[in-house]
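The values are calculated or read from the model by the stated rules, or taken from the named source; none is laboratory data. Just so it is clear, the model here is predicted, and its values are computed rather than measured. Note that each Cβ is placed from the backbone with ideal geometry, even for glycine, and that neighbours are counted across all protein chains shown.
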Amino acid sequence: MAKVKQPKPALYYLILSVTLVLLFIGMVMIASASSVVAYLGHKDSFFFLWRQFAYIAAGMILLYLASRVDYRLLRKLSPAGLALSIVSLILVFVPGVGQVAGGAQRWIGVGEFSFQPSEMAKLAFILYTADILTRKKWKNESLIGLAKPLGIPLLIISALILAQPDLGTLLIILISVFALLFLSGIRFRELIPLGVGGSAAVFALIWVEPYRRKRWLAFLDPEADPLKNGFQYLQSLMAFGSGGLQGVGLGLSRQKFGYLPAPYTDFIFAIIGEELGLAGTLSVVFIFLVFSLLIWYAVRRCNDPFGRLIGGGIGAMILSQAVINMGAVTGMLPITGITLPLISYGGTSLVLTLASIGILLNLTLTTKKKRGVSRENNDMRRGDSRSRLPRTGAGRSA
């Protein structure tokens, strides 16, 4: 008898639809925001758009594969993935292999394209952390037992990423790990000093590095240095101010004519504000809010502890990146060089973001509510702000 193909749940199509909408917005805005730079540098106004198509095609292949392969297999592969990420981060500094751009050494050259290992490290460390938190049996749910299995790899990755330097990517990793610790059931009173200490460490890293310190001071008062460190902030705010409520019109941005740096990557949200106005920017924010609710629901309905953690970690990774980018572009946060997920032009970041969304789609296919399982048991955290830890024994799923 032929096997009956199970229909995909509505949540699968909702997450996929929101992803496609964000990709479409990104392609339209990249075509506009990059046209001037592309023509001046490559004599083709759509040069970056064609490359974005290639990245999307590669990312959609990984999304499809990740949505088809049971995510539980990633538990066995997570240590190897972490090791591969560390090796790739080291290769960045090997002469002839690593590439330098904009004063940063973050890429490995692959023909005409480049690969950014720190982007792979984000997803790899989320999978590794989720595996450790799922199978780790710690006493009184303490952070002490996690110092060796999580602390040492995190320090190694942090050192390699900071050496590039790339504080923005490291910040995303730290936020994702904090979210995973929270979802795993670590007592909140233990997470408070961890969060305070981590924030202090990030601020110290900002202050000890001259260029980061200048960015921070420019964030506090961009008009104090309007032609150098405050230039990006002021030009970005001018883009939003020019757009007003309805925008100047699609393709009619003036800031992309050499005034706003990185108009199709870091500051594409400012071009959206200029061309589509407040209505356009609020629409993008709303779509990301819907995306966050869909991820939350996908995580909440998952019965597998490992699945809940990787879903929560991936959600924290994508959404924190969106918040930090939009906050920096609007002058509410310091500039970190983080792109807007699924919308900004990008190679490794876009491809691995789509692969991560494929894992989220897989959660909706392989997890279903069991009969007799109460609503309380499906909650990610108990009423006392702690999550239910995975039960031990032969009956526990892998």
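Cβ contacts < 6 Å: first residue acidic (Asp, Glu), restricted to segment 57-74; second residue modelled with pLDDT under 95 and surrounded by fewer than 18 Cβ atoms within 10 Å (Cβ to Cβ), any location; separation 6+ or different chain. Result?
Matching pairs, first to second residue: ASP70/THR366.
In segment 7-31, what count of residues is obtained for those that are within 19 Å of PRO261 (Cα to Cα) and crowded, with 20+ Cβ neighbours inside 10 Å?
Number satisfying all stated conditions: 3.
State yes or no: is LEU227 free of Cβ contacts under 8 Å to residues at least 24 places away in the same chain and more than 19 Å from GLY337 (Cβ to Cβ)? Even if it seems obvious, please write down each step before you answer.
Numbers: free of Cβ contacts under 8 Å to residues at least 24 places away in the same chain: yes; more than 19 Å from GLY337 (Cβ to Cβ): yes.
Judged against the criteria, LEU227 is a match.
ILE161: surrounded by 16 or more Cβ atoms within 10 Å (Cβ to Cβ) and closer than 17 Å to SER118 by Cβ, yes or no? Let's see the steps before the verdict.
On the way: surrounded by 16 or more Cβ atoms within 10 Å (Cβ to Cβ): yes; closer than 17 Å to SER118 by Cβ: yes.
The answer is yes for ILE161.
Being of a type outside the set (S, T, N, Q) and crowded, with 18+ Cβ neighbours inside 10 Å is the filter here, so list the residues in segment 32-57 that pass it.
Restricting attention to segment 32-57, the residues satisfying the condition of being of a type outside the set (S, T, N, Q) are 33, 36-44, 46-51, 53-57.
Correct list: ALA33, VAL37, ALA38, PHE48, LEU49, ARG51, TYR55, ILE56.
Looking at segment 327-338, which of its residues are in contact with a helix residue (DSSP H, G or I) (Cβ under 7 Å, 6 or more places away or on another chain) and buried (at least 21 other Cβ atoms within 10 Å of the Cβ)?
Those that are in contact with a helix residue (DSSP H, G or I) (Cβ under 7 Å, 6 or more places away or on another chain) and buried (at least 21 other Cβ atoms within 10 Å of the Cβ): VAL329, ILE335, THR336, ILE338.
Identify, from the list GLY372, GLY327, GLY331, GLY337, the residue that is modelled with pLDDT under 95 and part of a helix (DSSP H, G or I). Can you show your working first?
Details: GLY372 fails: part of a helix (DSSP H, G or I); GLY331 fails: part of a helix (DSSP H, G or I); GLY337 fails: part of a helix (DSSP H, G or I).
So the residue among GLY372, GLY327, GLY331, GLY337 that is modelled with pLDDT under 95 and part of a helix (DSSP H, G or I) is GLY327.
Return the only residue of TYR55, TYR12 being within 21 Å of the chain's Cα centre (by Cα) and either within 30 Å of ARG135 (Cα to Cα) or among the hydrophobic types (A, V, I, L, M, F, W, C) (or both).
Values: TYR55 fails: either within 30 Å of ARG135 (Cα to Cα) or among the hydrophobic types (A, V, I, L, M, F, W, C) (or both).
Just a single option satisfies the conditions, and that option is TYR12.
Would you please name the residue that is modelled with the lowest pLDDT, looking only at residues in segment 227-252 that are among the aromatic types (Phe, Trp, Tyr) and within 20 Å of VAL36 (Cα to Cα)?
Initially, segment 227-252 is screened for residues among the aromatic types (Phe, Trp, Tyr), giving 231, 233, 240.
Filter once more, so that each one left must be within 20 Å of VAL36 (Cα to Cα): 231, 240.
On the way: PHE231: 82, PHE240: 90.
Of everything passing the filter in segment 227-252, PHE231 is modelled with the lowest pLDDT.
Give me a count of the residues in segment 252-265 that are touching a Ser or Thr at 6+ places or on another chain (Cβ under 6 Å) and surrounded by 24 or more Cβ atoms within 10 Å (Cβ to Cβ). Don't jump to the end; show me each part of the working.
First, pick out the residues of segment 252-265 that are touching a Ser or Thr at 6+ places or on another chain (Cβ under 6 Å): 264-265.
Next, only the ones that are surrounded by 24 or more Cβ atoms within 10 Å (Cβ to Cβ) stay: 264.
Residues in segment 252-265 being touching a Ser or Thr at 6+ places or on another chain (Cβ under 6 Å) and surrounded by 24 or more Cβ atoms within 10 Å (Cβ to Cβ): 1 in total.
Any idea which of (1) touching a Gly at 6+ places or on another chain (Cβ under 7 Å); (2) of a type outside the set (D, E, K, R); (3) in contact (Cβ under 8 Å) with a residue 40 or more places away in the chain; (4) exposed (fewer than 15 other Cβ atoms within 10 Å of the Cβ) is the one GLY244 doesn't satisfy?
Single failed check for GLY244: (3).
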